[in-house]
Amino acid sequence: MRRRDFIKGIVGAATAWPLAAHAQQPAKPVIGFLRSASLANAGPLVTAFRQGLKEAGYVEGQNVVIEFRSAEGHNDELPKLVAELLRLPVAVMVCNVTAASAAKAITSSVPIVFATGDDPVAEGLVASLNRPGGNVTGVSFLGNALGAKQVELLRQLVPKATTIAVLVDTNYQGSVTDLKDVERAAHSGRI
């Protein structure tokens, strides 16, 4: 009988040991990927995001979890989605500008990372480009600063042009800013 009890004890310990070791594994960090626009149109962004994480040593499902959320253009849903991600809890949120603004209004402790072609200072996301402050940081391509430069280059290519047209989507604030920059450059004599 003792021999059987001993064998049962060894088998039981050997079976329980991997389970106990697995239970002691640290939880995988969770990244919240939040957009105001549809995720259906964000395929290349998601692919690039996953590739960037992989290059930094993070592989989805292996050592990091990514939770995707989208307001599908219904920006009034963003606060609910931010709260949902915070309850998981996420270690960081990666957002477009509109989603980042909603997240900033709700949390001051979870890091928020954004990418934009607009001016994040003008958007109210950060205090300044070189010292963003707070829990919000990101990348700005400052596309609006390029509008005047593009027209200046056009003027160099076609110096005798007397009229230059600019097509913008007035429903997008960044385009309105671009147009103002171009108009300001035209009236200042730079072009």
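Condition check ((1) modelled with pLDDT under 85; (2) among the polar types (S, T, N, Q); (3) not in a helix (DSSP H, G or I)) across all residues:
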site: 105; (1), (2), (3): no, no, no
site: 132; (1), (2), (3): no, no, yes
site: 137; (1), (2), (3): no, yes, yes
site: 145; (1), (2), (3): yes, no, no
site: 176; (1), (2), (3): yes, no, no
Q. Checking residue 64 against (1) within 14 Å of the chain's Cα centre (by Cα); (2) closer than 23 Å to residue 26 by Cβ, which test does it fail?
A. (1)
Q | Members of segment 34-79 found to be basic (Lys, Arg) and either surrounded by 14 or more Cβ atoms within 10 Å (Cβ to Cβ) or in a strand (DSSP E or B) (or both), listed by number | A | 35, 50, 69
**Q.** Matching entry among 90, 82, 126, 121 (being in a loop (DSSP other than H, G, I, E, B), out of contact with any Gly (no Cβ under 7 Å at 6 or more places or on another chain) and among the β-branched types (Val, Ile, Thr))
**A.** 121
Q: Within segment 147-174, track down each residue that is at pLDDT 70 or above and of a type in the set (Ser, Thr, Tyr).
A: 162, 163, 170
Q. Regarding residue 140, is this residue of a type in the set (Gly, Ala, Ser), crowded, with 16+ Cβ neighbours inside 10 Å and under 16 Å from the mean Cα position of the chain (by Cα)?
A. yes
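Among 168, 182, 158, which is over 21 Å from the mean Cα position of the chain (by Cα), surrounded by fewer than 14 Cβ atoms within 10 Å (Cβ to Cβ) and not assigned by TED's automatic domain parsing to the domain that holds residue 76?
Step by step, each of 168, 182, 158 is checked, and only 158 is over 21 Å from the mean Cα position of the chain (by Cα), surrounded by fewer than 14 Cβ atoms within 10 Å (Cβ to Cβ) and not assigned by TED's automatic domain parsing to the domain that holds residue 76.
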Q) With respect to the numbered conditions (1) under 25 Å from residue 96 (Cα atoms); (2) modelled with pLDDT under 75; (3) polar (S, T, N, Q), which one is the sole condition not fulfilled by residue 188? A) (1)
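The values are calculated or read from the model by the stated rules, or taken from the named source; none is laboratory data. These figures come from a predicted structure and were not determined experimentally. Here Cβ is always computed from backbone atoms with ideal geometry, including for glycine, and neighbour counts include all displayed protein chains.
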